[in-house]
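Asker: Once you've had a glance at the structure underneath, I'll fire off some questions.
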């Protein structure tokens with residue numbers, strides 16, 4: 001029994017309004033709840049987990065996906081599997097009303113089953129700047145935190161505008177942003193990384209790639225003589241971090257290598273878009289224009305700290 | 001065989017021709033690429049262009065040389081395994097060595113040895129993969145040895161089952177891996193010519209591949225005899241047991257090293273030996289050196305295509321070897337049938 005989508009669409013804002021007014025259940029898909037609490041949420045999308053926390057709705061989360069590790073307290077919650085294949089039985093076992101997930105083809109099967117079993121599925125696309133803001137609004141609507149969501153969005157826009165305002169007139173530096181080194185994977189146009197590079201006063205040397213993330217030839221990238229290389233290919237706790245040449249040291253003819261502008265950064269600092277976009281863009285600014293934003297500090301390179309870091 | 005004394009002359013002619021072809025392939029791989037840098041940058045008298053020079057000599061040349069070594073190793077392993085197993089479908093991966101190497105490589109990636117700084121970062125994955133290959137080699141040799149004799153049939157079956165077992169183990173490792181590790185394993189198994197192998201390592205690999213090829217070449221006559229079957233070869237005075245063991249070990253070492261460095265680059269070890277047999281006939285005295293040079297050329301050109309077909313993108317080399325090599329081989333096979341009847 002799939003809950004009629006039109007009904008959901010109509011009922012969600014109403015339910016949200018009820019919560020804002022301090023009333024009881026925003027439940028739309030299920031009527032099991034009668035204790036006056038909010039929806040029981042399982043979130044498998046890491047970006048959405050951070051958004052729910054920032055919206056102040058963290059208490060409604062009863063289960064998380066395996067890849068959700070922020071905020072830290074979510075890590076203690078029951079795990080339901082990967083974002084592309086949540087374990088249907090475990091989600092049901094948590095008596096969840098709402099599954100917040102990433103929009104993905106791979107998850108279609110489990111999403112369909114969960115919907116049929118009466119669990120509302122909110123699939124968010126946070127792979128672009130617009131997607132992040134849309135997802136924030138959708139979560140705000142669904143969780144009855146509309147005004148908080150709008151406030152967060154305003155703060156985020158202000159933070160992004162601040163970064164781009166400060167690099168007006170600064171030279172646009174060529175940036176190679178490495179997502180994987182072997183084989184070489186870079187962020188192309190359409191990725192939030194590409195957008196962040198532009199906002200922070202850089203030019204992505206992979207701007208002619210056709211996909212947001214693409215396998216490219218090393219020589220093609222080196223030949224464009226990047227002035228800054230950001231390498232986020234290594235996610236291990238003991239990975240090389242900070243300003244160093246590392247394996248790029250072999251290519252001494254590349255300006256970024258010659259001028260020691262190669263940075264090794266934990267991927268969650270820059271790669272996974274979400275509520276921290278302004279913070280990420282500011283870090284991108286420090287890497288591309290240290291003369292404007294100040295040299296990055298050692299703390300900028302490791303995995304992001306728990307929870308949301310400093311507002312704008 | 002003795003009716004054809006010009007074998008030495010043929011060998012020289014084939015080696016010279018394929019050697020020149022390999023050099024041309026490497027020259028093409030160095031001079032063509034994703035960007036405008038061309039061979040002219042290296043010519044004396046041209047305006048010095050340090051960037052183009054570096055692209056050619058530091059980026060393209062090592063990669064072309066590595067591709068040549070890998071392609072040569074895999075093609076030689078393919079030739080000797082096809083001879084050993086007397087099975088046209090045999091390739092370097094059929095005897096389970098690749099399975100062992102894949103397990104080793106995937107394990108290194110899950111343990112976090114496959115990337116990053118320092119010695120474990122650069123050597124961890126190839127070392128683990130090579131140990132995996134050696135482990136598989138020893139295991140399969142033990143199982144396939146019955147009454148002191150290496151039974152080829154059992155080795156083939158054991159290899160096939162070991163490869164299936166490895167695949168299962170790798171699925172298990174993948175399910176335990178993080179998302180990044182999962183990607184790394186998938187790319188590793190897909191096969192690629194790595195960018196970050198230094199010249200000294202390439203020289204070492206090349207020396208090893210050449211030595212193994214020379215050792216195998218020294219028994220080329222015995223491979224020819226083996227086409228009569230093990231009993232037939234024994235009647236011609238071949239120490240079949242010794243030949244089988246040597247071939248198994250050397251072929252596996254060549255394969256293990258190639259997989260350790262480049263992952264599972266498919267098709268080279270299957271098609272190049274057949275291609276050369278179609279062109280040059282079945283004499284292993286010519287076939288073995290030809291496989292080294294021809295396999296090298298094939299992989300150099302495949303890698304060149306992978307880099308240049310749609311710049312700045314690069315496509316996986318395994319896709320090129322199969323997509324280009326497959327149809328080319330079939331066309332040649334049909335032509336051959338048309339003129340000579342079924343081979």
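Asker: Using alpha carbon centroids, what distance separates the stretch A:46-74 and the stretch A:114-128, in Å?
Answerer: That distance is 15 Å.
Asker: Would you please classify the overall shape of the stretch B:227-300 from the alpha carbon gyration tensor, given that a ≥ b ≥ c denote the square roots of the eigenvalues, rounded means a/c under 1.5, and beyond that prolate means a/b larger than b/c while oblate covers the rest? Could the numbers behind the result be given before it?
Answerer: Values: a/c = 2.84, a/b = 1.44, b/c = 1.97.
Taking the square roots of the gyration eigenvalues as a ≥ b ≥ c, the stretch B:227-300 is oblate.
Asker: How far is the Cα center of the stretch B:280-316 from the Cα center of the stretch B:168-208, in Å?
Answerer: Result: 20 Å between the Cα centres.
Asker: Continuing with the same structure: Given a cut-off of 13 Å, what percent of all Cα-Cα pairs of the stretch B:63-108 lie beyond it?
Answerer: Tail of P(r) above 13 Å: 61 percent of Cα pairs.
Asker: Would you mind calculating the relative contact order of the stretch B:20-72 from Cα pairs under 8 angstrom and at least 6 residues apart, reporting the percent as a whole number?
Answerer: Reported relative contact order: 37 percent.
Asker: Could you compute the FRET efficiency for residue B:42 and residue B:12, with r as their C-beta to C-beta distance and R0 at 30 Å, rounded to 0.05?
Answerer: So the FRET efficiency works out to roughly 0.50.
Asker: To make sure I understand, if each residue's beta carbon is the centre and we count other beta carbons within 10 Å, what order do A:156, A:280 fall in, fewest to most? Before the final figure, lay out the partial values.
Answerer: Numbers: A:156 24, A:280 27.
Going from sparsest to densest Cβ surroundings: A:156, A:280.
Asker: Anyone know which of A:294, A:180, A:38 comes out most mobile in the 10 Å Cα GNM of chain A?
Answerer: A:294
Asker: Divide the volume of the convex hull of the Cα atoms of the protein assembly as shown by its number of residues and quote the answer in cubic angstrom per residue.
Answerer: 180 Å³
Asker: Let me confirm one metric for peptide B:263-272, namely the mean number of other chain beta-carbon atoms within 10 Å of its residues' beta-carbons.
Answerer: 0
Asker: Follow-up question, since we're still on this one. Need one word for the stretch B:199-343: rounded, prolate or oblate. Basis is the Cα gyration tensor (sqrt eigenvalues a ≥ b ≥ c); a/c below 1.5 gives rounded, then a/b vs b/c decides.
Answerer: Oblate.
Asker: Taking each pair of different alpha-carbon atoms in chain B once, compute 1/r for the pair, average those values, and report the inverse of that mean as the Kirkwood hydrodynamic radius in Å to one decimal.
Answerer: On the way: mean 1/r = 0.0480 Å⁻¹.
Taking every pair of different Cα atoms in chain B, averaging 1/r and inverting gives 20.8 Å.
Asker: Kindly express, to the nearest 10 degrees and within the range 0 to 90, the angle between helix A:146-166's C-alpha long axis and the longest C-alpha principal axis of chain A.
Answerer: 10 degrees
Asker: For B:328, B:130, B:223, what's the fewest-to-most ordering of other Cβ within 10 Å of each Cβ?
Answerer: Values: B:328 13, B:130 21, B:223 25.
Fewest-to-most ranking of B:328, B:130, B:223: B:328, B:130, B:223.
Asker: Taking the number of other C-beta atoms within 10 Å as the exposure measure, put B:183, B:274 in order starting with the fewest.
Answerer: B:183, B:274
Asker: Just the number, please: percent antiparallel of the DSSP beta bridges in the protein assembly as shown, rounded to the nearest 5.
Answerer: Roughly 35 percent of the DSSP beta bridges within the protein assembly as shown come out antiparallel.
Asker: Just tell me how shielded B:308-319 is by partners: mean number of partner chain Cβ atoms within 10 Å of each residue's Cβ, no decimals.
Answerer: Values: counts 3, 0, 3, 6, 19, 11, 11, 3, 2, 1, 0, 0.
Per residue, the number of nearby Cβ atoms from other chains is 5 on average.
Asker: Still on this structure, I have one more. Using alpha carbons only, how many angstrom separate the centre of the stretch A:210-279 from the centre of the stretch B:92-113?
Answerer: 28 Å
Asker: Now for a separate question. Normalised by the residues of the stretch A:206-286, what does the relative contact order come to in percent, with Cα pairs under 8 Å and at least six apart? Can you show the working numbers first?
Answerer: Values: 81 pairs, mean separation 23.8, N = 81.
Result for the stretch A:206-286 is 29 percent.
Asker: If the viscosity is 0.890 mPa s and the temperature 25 °C, what Stokes-Einstein diffusion coefficient in µm²/s follows for the stretch A:94-210 when Rh is the Kirkwood radius over Cα pairs? Please report the intermediate quantities before stating the final value.
Answerer: Working: Rh = 16.9 Å.
D, rounded to a whole number, is 146 µm²/s.
Asker: Right, here's the next one. Counting only helical runs of four or more DSSP H residues, what would the 222 nm mean residue ellipticity of chain A come to if each run contributes -39,500 (n - 2.57) and the total is spread over all its residues? Intermediate values should be presented prior to the final figure.
Answerer: Values: 12 runs with 113 residues, N = 312.
For chain A, the value works out to -10500 deg cm²/dmol.
Laboratory data are not the source of any read-out in this text; all were calculated from the coordinates shown. Note that the structure is predicted; figures quoted are calculated from it, not measured. Cβ: placed from backbone, ideal geometry, glycine included. Neighbour counts: every protein chain shown.
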